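The values are calculated or read from the model by the stated rules, or taken from the named source; none is laboratory data. If you're wondering where the values come from, they're calculated on a predicted model, not measured in any experiment. When we count neighbours, we look across all protein chains shown, and the Cβ atoms used for this are built from the backbone with ideal geometry, even at glycine. Calculation scope for accessible area: heavy atoms of the full protein, side chains included, ligands and nucleic acids excluded. Shrake-Rupley method; radii C 1.70, N 1.55, O 1.52, S 1.80 Å.
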Amino acid sequence: MGSSLLCPSSSASILLRMKSQTQLGPRFSIPNLNRGKIERRNLFSSPSRVTSVRALLKGTQYARIGAESTGPIPAKELLGVVELAAKTGSEVVMEAVNKPRNIMFKQGKSDLVTETDKMSEASILKVVNGNFKDHLILGEEGGLLGDVASDYLWCIDPIDGTTNFAHGYPSFAVSVAVLFRGRPAAACVVEFVGGPMCWNTRTFSASAGGGTFCNGQKIQVSQTNKVEDSLLVTGFGYDHDDAWLANINLFKEFTDISRGVRRLGAAAVDMSHVALGISESYWEYRLKPWDVAAGVLIVEEAGGTVTCMDGEAFSVFDRSCLVSNGSIHGELLERIGPATKKLMKNGIDFSPWFKPEEYATDF
Ligand code: LIP
């Protein structure tokens with residue numbers, strides 16, 4: 001059982017880890033992900049075929065992203081530890097939420113990290129290690145540690161939406177998920193709601209095949225079936241590249257044809273809101289595994305759909321993510337699909353990233 005410790009928590013290692021996959025060195029590979037696709041067609045070749053394309057997309061079944069098995073550890077046991085870990089991290093964040101922040105910078109002036117991110121992650125690691133000594137862990141601040149031979153990979157974002165946290169602006173969250181052979185098996189997002197003088201939390205949790213719950217009550221995505229009746233959410237990363245620009249254009253387009261597009265700044269929160277049925281969709285380019293691993297399972301288990309932004313089957317190591325209530329997924333892809341395929345055609349890198357090289361997956 002080989003044990004490895006990568007990217008220990010120092011600003012140099014953070015910089016190293018935040019670089020793209022190819023810059024990361026041999027431990028993070030770019031594997032050829034041959035995920036099973038249920039149906040792939042060239043749906044976007046001719047804009048004049050919009051009506052028939054929509055009919056086709058309505059019948060499209062998208063591949064599920066949740067784990068089909070949780071291996072020797074029952075889903076319930078995994079979920080219990082995931083929830084405890086997220087709760088423990090959220091207590092650290094709650095303790096700090098009304099105090100002055102010690103802000104540091106990662107790659108640029110807008111990519112922040114605080115002492116609280118690091119303390120929250122340390123408290124989460126303690127819970128995971130205390131329960132599963134031999135699991136592999138990928139934390140936003142600490143990088144990769146544990147046993148690369150493990151089938152279980154924990155994806156930890158100790159504060160998703162750090163910029164909002166640093167400014168005392170909702171929304172932000174603690175996000176914890178565990179994958180079994182690459183697929184999300186259990187997930188928990190503790191969302192901070194309210195604001196100065198009235199901070200509170202609500203907890204979203206899900207396990208593969210077990211449904212999604214918010215503060216213990218089962219939740220479902222909305223039934224809205226047209227983009228024109230939908231409230232949409234997107235996000236923009238710190239790297240202002242071609243994909244960022246393409247999404248600025250999608251933001252404009254969808255603002256024109258929906259009830260509005262919001263930009264809150266915390267992927268885990270944005271996805272949990274789709275699961276709760278208070279928005280219909282969320283998408284973003286260039287998210288990392290720790291941003292998405294919990295949120296995607298929370299959406300799927302609430303009855304929603306998760307794909308890449310070109311409509312392909314999704315894994316947490318992909319560089320684009322589209323979640324929706326399912327009913328409007330095809331209509332969203334009529335615009336998001338071609339925009340993403342154009343980026344691909346222009347050579348923009350959409351290969352998987354942050355996948356630990358020796359970590360075995362089922363796709
Ligand atoms: C952030 C996301 C946000 C996204 C940024 C970033 P962080 O996570 O949740 O929505 O736009 O790219 O990844 O850095 O606050 O944990």
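In this structure, the amide hydrogen of Thr201, modeled 1.01 Å from its nitrogen in the peptide plane, lies closer than 5 angstrom to those of Val193, counting only residues at least 5 positions away or on a different chain. Bridge orientation summary for region 69-218: considering DSSP beta bridges with both residues in this region, about 90 percent are antiparallel. The packing ranking, built from the mean of other Cβ atoms within 10 Å per residue, places the peptides 164-175, 96-107, 66-77 in the order 164-175, 66-77, 96-107, highest first. Counting charges near Arg263 (Lys, Arg +1; Asp, Glu -1) among other residues having Cβ under 12 Å from its Cβ returns a value of -1. Given a Förster distance of 22 angstrom, what is the FRET efficiency for Asp229 paired with Arg263, based on the Cβ-Cβ distance and rounded to 0.05? Given R0 = 22 Å and the Cβ-Cβ separation, E is 0.65.
Label-to-label distance, Ile278 versus Glu115, with points set 7 angstrom from Cα along the beta-carbon direction: 3.1 nm. At what distance in angstrom do the alpha carbon centres of region 126-150 and region 270-328 lie from each other? Taking the Cα centre of region 270-328 as reference, the centre of region 126-150 is 24 Å away.
Hey, which of these cross-link pairs are over 32 Å Cα-Cα: Lys87/Lys288; Lys106/Lys126; Lys133/Lys288; Lys133/Lys355; Lys118/Lys345? Violating the 32 Å Cα-Cα cut-off are Lys118/Lys345. Length available on full extension from Asp239 to Asn129: 0.36 nm per residue minus the Cα-Cα distance, which gives 36.3 nm.
Centre-to-centre separation between the Cα atoms of region 252-269 and those of region 161-234: 16 Å. Between His167 and Ser351, the simple label model (points 7 Å from Cα in the Cβ direction) yields a spacing of 3.6 nm. Working note: Debye formula, equal point scatterers on the alpha-carbon atoms of region 262-363, no solvent; log10 I(q)/I(0) at q = 0.13, 0.21, 0.24 Å⁻¹ is -0.44, -1.10, -1.34.
Where both partners of a DSSP beta bridge lie in region 74-155, what percent of those bridges are antiparallel, to the nearest 5? Here the share of antiparallel DSSP bridges comes out near 70 percent. In this structure region 69-218 gives 39 Å² per residue of accessible area when probed at 1.4 Å with all protein chains present. Could you compute Rg(Cα) / (2.2 N^0.38 Å) for region 128-265, with N its residue count? With N residues counted in region 128-265, Rg over 2.2 N^0.38 Å equals 1.24.
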